[in-house]
Every structure is written in structure tokens, then in C-alpha cells.
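Enquirer: Just dropping this structure here.
The values are calculated or read from the model by the stated rules, or taken from the named source; none is laboratory data. Please read all numbers here as calculations on a predicted model, not as lab measurements. Every residue, glycine among them, receives a Cβ derived from its backbone with ideal geometry; neighbour counts consider all protein chains shown. Just so you know, the surface numbers come from the protein's heavy atoms only, side chains and all, with ligands and any DNA or RNA stripped out. Shrake-Rupley method; radii C 1.70, N 1.55, O 1.52, S 1.80 Å.
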Amino acid sequence: MQTNFTARQLAVPLTARSNEILRTCVHCGFCTATCPTYKVLGDELDSPRGRIYLIKDMLENARRPDAKTVQHIDRCLSCLSCMTTCPSGVHYMHLVDHAREYIEANYRRPLSDRLLRWLLAKILPYPGRFRVALRGAKLGRPFRRLMPDARLRAMLDMAPRDIPPPSLNDRPQVFAAQGPRRKRVALLTGCAQRALNTDINDATIRLLRRHGCEVVIPRGMGCCGALTHHMGRTGDSHAFAAANIRALAAEIDGAGLDALVINTSGCGTTVKDYGHMFAGDPLEADATRVAGLAKDITEVMADLGLSDATHAPPLRVGYHAACSLQHGQQIKATPKELLADAGFTVLEPRDSHICCGSAGTYNLMQPAISADLKSRKVATLEATQPQVISAGNIGCMMQIGSGTAVPVLHTVELLDWATGGPKPRALREIA
């Protein structure tokens, strides 16, 4: 694609990067075949190719974003399926992130939008605040039909039936390895996950310790910044990320780390991109070190190898490939191989590359499109007749779980059970 940025524009690193990305696009349209919003809406401007044209026009002309451009960019899930499909290697993630930041800085949204986005940014990254909000949502659910905004109704629907108390395991501490120590790893405990489902971190710690890992929960670590990053709120997202980088750099320079383990793939995609996010910043070197150590839990377990994976029955497991895992991190076969090694029968649904519609805060801000994608995903998963559904991202788990009676578990919960851990709570409750 031909671009016409001025030399002055290209002196800005973000613009130079976007120019580089735009020039790799050859307009082939392969991305439209795998774009979820194009499948649902059928509008070229709701495809990656269409959005690329809009972004190019907006950035190149340094114009104020109009409502039409903002609508089509907002409708993007950032699922990154287009990046897997693209034969030219267009790095759409960096381009759309730049567009979101530009829109946030140069477009005045309607008051209701501004209030909703502010509310999400001030609640979701903070487990304590989020837990209080979830309790409030449960109380407000009987009045759901009185809510004038579909987004507010979606927020009420998000609250799980049971809100777990905080887990003591999420506090800063060190868990000793069981047996000879093979690795020393830090665990990113996350933010929303700590309020929605504490079993995931608990199972991760047990699994790692059982396989010879000393597990560190660093002091000063919190939200990775992904939620606000994808809303274009760069100041907020970089503040969260910087706190994590400093906390983890202290551990690396202290007793050392072999890996930063991440069990929420949406976080993993962002943390692995810290080097780019902090390019030219004083924290760039530490950000790059942290990004280099970041590993999804399945990557770490594949390296360690499962031991004595004989404790769980050979259930039929419908595997949902989270977009941030299969597209954002290009981790596709590893989770399925681990589940098979643990004795489970792994079932893959049709159109497994298509997003479930969760996408961070997307299901709250674009509830209609999200609901359509959820129903499609649930239908394809249920068609495999699974006894349980497995995923590697809390957002996907909540999204799919709200549309099916089949238990939805994190992959790590099944691996923990198979190697000697307790039966997952979601399965105990239906036994």
C-alpha cells in the first residue's frame, strides 16, 4: 500500500511504525475470510482491510476521527485472526492499537460512552473494586429490564452466580518447589481473574510446584495493562505495565527468574509486547527482558513435561482456542497436546479460529455483536458433545460459560487434576 506521510509525521515513532505496517498491506483481502465482525456484519469497513483504509486516511491526514471511523474501529475485536491469515505479515495489532490511542486523544465521545469507558477503566483492573462491582451487579440483576442501555444490561449479566473470596495465594510470597527445584518462576496473578475465578491461579501454583518449580508472586505486581491498552488509554496501560516491569526486574536482578508464567492468554499477548510498548522509554531494556521471559502456562508445562498424569478420567474435552493464544501468541497445538498427554479426549470445534466475542471489554461495549459470536461459538463447541469445555483465558471462559450448561474450565485446572490435584470445583458441583 502506498503511503504519503510527511517527514515530520514519520519523526514520531508510532507513526513511523504504522507507516511500515501499512506499506506491507497488498489489499489481497484474505483477512476478510477469517474476520469475525465481517462474518457477522458483512461490511467491508468492518473487515481488517476496510479498517486499514480508514486508519491510513485518519493518520495520514492527521484529521480528527469522525463517528463513522470510530464506530468501525470500535467494532474490531483485536482477535488478530487476520494476522494469522495475512500472507504479507501485516502487523495489524500494532496498527489498530495506534488507531485506538489516536482516537482516544482526538475524538470526543458521547457522554454515555465516556462514562462507561471511564467506569470500566477504573474498576476492571482492580480486583477489590471489581469484586464489589460484581456484588452490586448481582443485586441489580432483577432490575435488568429497566436498564435503558444494552451495555449496562451486559454488565449485569457478567456477574457470576458465585463470587469467590480473595485467594491468599495471590498475595506476594514464595512457594517452594516440591522435590528438586527445576525452575524459579514468577506468576502473573492478573486482575479481573482474581475476582472472577480464584481456582485458576491456585491450580497453576499447585501444578508448577508439583513439577519442580519455585513460584514467586512478586510484590508490586498487578494488572498487565491489556484492558486499558485496548481502550486506547495509553497513560493508564503504561502505568500498570511499568509497575509490573519494575517488580519483575527486581526479581530477575535478585534471585533470578527462569520464566514469567501467565495463565490468562489476553495478558500474555500484551506482556510479550512490552518491548514494543516501551520502545524509546527508559524502561525499554527491562521491558524487553520481561517480555522475553513471558510464557503461557502451557509453554512452561510442555517444557517441563507432565508427570504421573493418571489421576483424572478420560473425559471428552471440547477445546476452545482463545484468540490471544492462537493468533496473538501463535500457540496452537501445545494446549491440545498437553490435554491429550493427560489422558483426555480432545475435541476441536468447527471454525476454531473464530473469536467467541469476549475480547476483553468488547462483550460489555459491543454486546449485540458479542452475543452473536457467542451463540456461534457455543453451538460449534456443543456439536462436539463434550463433557467439559477447556480454554486458556478467563474472558473466554466467562463468555462461553454464560451460554452453555457444559462446565467450562481452564486448561490448567484439568492438567492439575490429572497430575494429582483436586477435582475442579465446577465438576464437583455437578457430580
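Enquirer: Can you give the convex hull volume per residue for the Cα atoms of the chain, as a whole number of Å³?
Expert: Expressed per residue, the convex hull around the Cα atoms of the chain is 132 Å³.
Enquirer: Going by amide H atoms built from the backbone, whose H comes under 5 Å of the H on G212, apart from near neighbours?
Expert: For G212, whose amide H was placed from the backbone, the distant partners under 5 Å are Q178.
Enquirer: Continuing with this model, one more query. When we measure straight from the Cα of K336, which lysines land under 30 angstrom away, once same-chain ones fewer than 8 places off are left out?
Expert: K39, K183, K272, K295, K374, K377, K423
Enquirer: Considering the chain, which cysteines have no disulfide-compatible partner, defined as another cysteine with its Cβ under 4.7 Å away?
Expert: So, C25, C28, C35, C76, C86, C213, C356, C396.
Enquirer: Can you tell me the accessible area per residue over segment 7-106, all protein chains present, probe 1.4 angstrom, in square angstrom?
Expert: Working: 4230 Å² over 100 residues.
Counting only protein heavy atoms, the per-residue value for segment 7-106 is 42 Å².
Enquirer: What full-extension length gain, to one decimal in nm, is calculated for T288 and L119 as 0.36 nm per residue of separation minus the Cα-Cα distance?
Expert: Details: separation 169, 0.36 × 169 = 60.84 nm, distance 3.09 nm.
Stretched fully, the T288-L119 segment lengthens by 57.7 nm.
Enquirer: Using a Förster distance of 25 angstrom, determine the FRET efficiency expected from the C-beta separation of D308 and K423, and round it to 0.05. Each step should come with its number before you reach the end.
Expert: On the way: r = 16 Å, r/R0 = 0.64.
After rounding, the FRET efficiency stands at 0.95.
Enquirer: Dipole of the chain, Cα-centred, from +1 at each Lys and Arg C-beta and -1 at each Asp and Glu C-beta, to the nearest 20 debye? Let's see the in-between values first.
Expert: Details: 52 positive and 40 negative charges, 230 e Å.
With Lys and Arg at +1 and Asp and Glu at -1, about 1100 debye.
Enquirer: May I ask you to order 415-427, 63-75 by the average number of other C-beta atoms within 10 Å around their residues, highest value first? Write down the numbers at each step before the final one.
Expert: Working: 415-427: 20.2, 63-75: 16.1.
Descending mean neighbour count gives 415-427, 63-75.
Enquirer: From the phi angles alone, apply the Karplus equation (6.51, -1.76, 1.60; θ = phi - 60°) to segment 320-325 and give each ³J(HN,Hα) in whole Hz, x where the residue is Gly or Pro.
Expert: Each residue of segment 320-325 in turn: 9, 8, 4, 4, 5, 8 Hz.
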